[in-house]
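Working notes for the structure below.
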Amino acid sequence: MTTKTTPHWINGQIITPKEGRFADVFNPATGLVTSHVPLASTNDVDTAVSAAAAAWPAWAATTPLRRSRVMFKFKNLLEEHADEIAKIISLEHGKVLADAAAEFQRGLENVEFACGAPQFLKGEFSENVGTDVDSYSMRQPVGVCAGITPFNFPAMVPMWMFPLAIVCGNTFVLKPSERVPTTSIYLARLLKEAGLPDGVFNVVHGDKEAVDALLHHPKVKAISFVGSTPIAKYIHATANANGKRVQALGGAKNHMLVMPDADLDMTADALMGAAYGAAGERCMAISVAVAVGDKVADELVAKLTPKVKSIIIADGMNAKAEMGPLITAQHRDKVRGYIDSGVEQGAKIPVDGRALNTPEGGFFLAGTLFDHVKPDMTLYCEEFFGPVLCLERVKTYREAVDLINAHEYGNGTAIFTRDGSAARAFVSEIEVGMVGINAPIPVPMAFHSFGGWKSSIFGDHAIYGPEGVRFYTRIKTVTARWPNKVSSGAEFVMPTGR
């Protein structure tokens, strides 16, 4: 049986290299290779960027209304093919089919927001800022933009980027994770069917060589990235050094603060989905529960333990599955290593996922629950993207806030409480970019913006929503005077409104 090759998409065409470097693509539920993906060379990236650069002048000159109509058609096509896209996501990433469908829906919402380009690209106008002088602003595209996206959201994260970039008048080169390459090609086909001109959207697969080629290419004007913090730092520094705009979203270690008055049944259910959904491979996963008081902690552990042990682990395409595999065997082993370190460093382990049965053949690891985790433990300090929930005990609300604020990351957090004043204080005092109140995964809707604080983001702009519009456009302000009098001579002072 011949293994298929997932191609690049350049200038509206399928490009399948016959030689060069290739990587295997796996079905994580079986451990079997399902396809090969080409790893783009610097020349391949240059071809894609050159196509985007050639397409940009005409696309930038296209009215926002016409760009928006293309996006409306794309949205309709996405809705028609939603089930097929969810299946592709599940097969290549491993997440359960219902979660894949939910990921797709959150990406689609960003396409819906992008359809409003004629409204959000309007500038401002001030009449008579001075006598016979008017001032107005406009937002104009930046040029060729690039996106570098992670394996855990093959549809949603790319759709955080390219729909908005494109309706703002830019062209785009997407470098998706080589672990999950098929979804991006499917989206490219639908964009072409929707009427997007060739060259406006391009896809190149690859590894560090492709990333570096984008970071150094003089025709790339802006870079969007989602991934780990070490790579985000590298992307940010390198792109900045090459004069590019950059938004680089990094890692996370998201805490849920559980107050003594919280509904613990609701809290336990929320933690199950937030910690073990998608096998913990989410940048907004809750990986640390912070319980105020031993009574709360003991009750929470008692409620969570049987739930974690009973998670239905199976191929994501199985309708009964609640959790699928991890992305690769190497990543599964890395997560096991963090569990090992937690045990070695003295944390209690009410549920040990290493000892539970999992399906044969795939990259599976059962859920793990730790208790009595301390701030100096490796599994508390570092992000590792796995089905592991750590419980940390504190005595007071203030101790909990100080603990969360002291962490390197500031991506997302949540508080579970019935006390409105405590929730309000938490929102004000916590040094984290996205906050949930009795909501465990506070990912903003598409008409807001997504972004953490501290080592969870590098760059001045959050992603998608109004911040995305500002990132993918440059403001230009015009001061205009149409005099109806004869010149009164030169003036050598700073102009003022008069």
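The values are calculated or read from the model by the stated rules, or taken from the named source; none is laboratory data. From a predicted model like this one, the values you see are computed outputs, not experimental measurements. With ideal geometry, Cβ positions are generated from the backbone for all residues, glycine too; neighbour counts draw on all protein chains shown. These area figures cover heavy atoms from the full protein model, side chains too; ligands, DNA and RNA do not enter into them. Shrake-Rupley method; radii C 1.70, N 1.55, O 1.52, S 1.80 Å.
Here are the numbers:
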item	result
Segment 430-475, accessible surface, carbon-and-sulfur percent (1.4 angstrom probe)	58
Exposure ranking of 372, 448 by accessible area [1.4 Å probe, largest first]	448, 372
Probe 1.4 Å - accessible area at residue 380, Å² to nearest ten	10
Stokes-Einstein D for segment 443-498, Kirkwood Rh over Cα pairs, 25 °C, 0.890 mPa s (µm²/s)	157
Area accessible to solvent at residue 139, 1.4 Å probe radius, in Å²	70
Rg over Rh, two decimals, segment 1-52 (C-alpha only, Kirkwood Rh)	1.05
Approximate shape of segment 306-432 as ellipsoid semi-axes (Cα gyration tensor, √5λ), whole Å, largest first	30, 17, 14
Per residue, in Å², the accessible surface of segment 384-498 once ligands and nucleic acids are set aside, probe 1.4 Å	54
Listed residues 358, 305 arranged by accessible area, highest first, probe 1.4 Å	358, 305
For segment 201-290, accessible area per residue (1.4 Å probe, heavy atoms of protein chains only), Å²	28
Debye log10 I(q)/I(0) for segment 31-168, one point scatterer per Cα, at q = 0.09, 0.19, 0.20, 0.21 Å⁻¹	-0.39, -1.21, -1.25, -1.29
Formal net charge of residues neighbouring residue 139 (Cβ-Cβ distance under 9 Å; K, R +1; D, E -1)	+4
Segment 381-498: projected area of the alpha-carbon convex hull, averaged over directions, in nm²	14.0
Neighbour-limited loop hits for GluC sites (Glu not before Pro), segment 12-83 (at most 15 other Cβ within 10 Å; DSSP other than H, G, I, E, B)	19
Correct choice for mean projected area of the Cα convex hull in nm² that was computed from the model, options [x] 27.4; [y] 21.2; [z] 39.1	[x]
Spatial separation of Cα centroids for segment 432-498 and segment 27-105, in angstrom	28
Portion, in percent, of the accessible area of segment 201-328 that falls on carbon or sulfur, probe 1.4 Å	58
Solvent exposure ordering (accessible area, 1.4 Å, most first) of 56, 9	56, 9
Of all accessible heavy-atom area on segment 42-176, the percent that carbon and sulfur account for (1.4 Å)	53
Neighbour-limited loop hits for trypsin sites (Lys or Arg not before Pro), segment 1-69 (at most 14 other Cβ within 10 Å; DSSP other than H, G, I, E, B)	18
